[in-house]
1. Residue-wise, which Karplus ³J(HN,Hα) couplings in Hz belong to the stretch 42-47, taking 6.51 cos²θ - 1.76 cosθ + 1.60, θ = phi - 60°, and x for glycine or proline?
2. For the stretch 12-73 and the stretch 179-204, write down the distance between their C-alpha centroids in whole Å.
3. Quick one: helix 25-35 against the long Cα principal axis of the chain, what's the angle to the nearest 10°, folded into 0 to 90?
4. Given a cut-off of 32 Å, what percent of all Cα-Cα pairs of the chain lie beyond it?
5. Under 1.5 on a/c is rounded, so check that first for the stretch 82-193, then, if it is not, pick prolate when a/b is larger than b/c and oblate when it is not; a ≥ b ≥ c are the square roots of the alpha carbon gyration tensor eigenvalues.
6. Can you compute the helix-only [θ] at 222 nm over the chain? Use -39500 (n - 2.57) per DSSP H run of at least 4 residues, normalise by all residues, nearest 500 deg cm²/dmol.
7. List the residues, sorted by chain then number, that are 5 or more residues from Tyr142 or on another chain and whose placed amide H is less than 5 Å from its amide H.
8. Amide H to amide H, which residues 5 or more places from Val166 or on other chains are under 5 Å from it, using H placed in the peptide plane?
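Only the coordinates and a few stated rules stand behind these numbers; no lab work does. These numbers come from a predicted model, not from an experiment. Virtual Cβ from ideal backbone geometry, glycine too; neighbours counted across all protein chains shown.
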Amino acid sequence: MLSLAGRTAAPARQPVTVRTGGFGGASGLADYLSAERIDALIDATHPYAAVISANAARAARSTGVPLLALRRPPWLPVPGDRWIEVEDVPSAVTALGAAPRRVFLALGRKELAPFVEAPQHRYLVRSVDPVDPPLAVPHAAYVTGRGPFTENDDRALLREHGIEAVVAKNSGGTATYGKIAAARGLGLLVVMLARPPPPEVSAVETVEDALAWLDHVCAPCADRGV
């Protein structure tokens, strides 16, 4: 069973049963785990989905359901990168400074509101679904798209719009690293949002390791004929 939060209007098709929407907090997730007789729970959410990760940890503890977190390693700066790491989106707005810039916002639609406090910048916003309502700033352009994005494609996008700074999350993985590599090649500033601290649970970095854990945890299920 794959659970999606429901924030994307047209999520990619999946080869398993999918449910959409929240559970009603940790207690609601615990009730679901018990009602559906779930034998194992894998938290494969985005590194910035702090609320659901915390709820999963609490629900697993209260029900005794084994929990594993699948966490992509964060990106690390390499020679040529110009990163400023900040704690949250308001801090990212501050880090852009007072002087007008052309800024590429590679954030979720729900995280854009603080940028209205800095209307002097020209923004380019990329999101999976259209931003509605648009930012209440004088100058903003929008593109929609679903990764993966290549370095060449992102380099062309940044050049086309004359981008001077990129604001991004440290998502890890390869699907959205193109903008980071492109910014490095163009010598652009990257304002990087730090990851929220994750719950202290067992964690792995690859799908292969998660599958190995699942085989181990569910071996008793097979013995019972479940």
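1. Computed from phi, the couplings for the stretch 42-47 are 10, 8, 10, 6, 4, x Hz.
2. Distance between centres, Cα-based: 24 Å.
3. 40 degrees
4. Details: 7174 of 25425 pairs.
Above the 32 Å cut-off, the chain has 28 percent of its Cα pairs.
5. Details: a/c = 1.39, a/b = 1.21, b/c = 1.14.
Cα axes put the stretch 82-193 in the rounded bin.
6. Values: 6 runs with 68 residues, N = 226.
Mean residue ellipticity at 222 nm (helix-derived): -9000 deg cm²/dmol.
7. Val125
8. Amide H neighbours of Val166: Phe104, Leu189, Val190, Val191.
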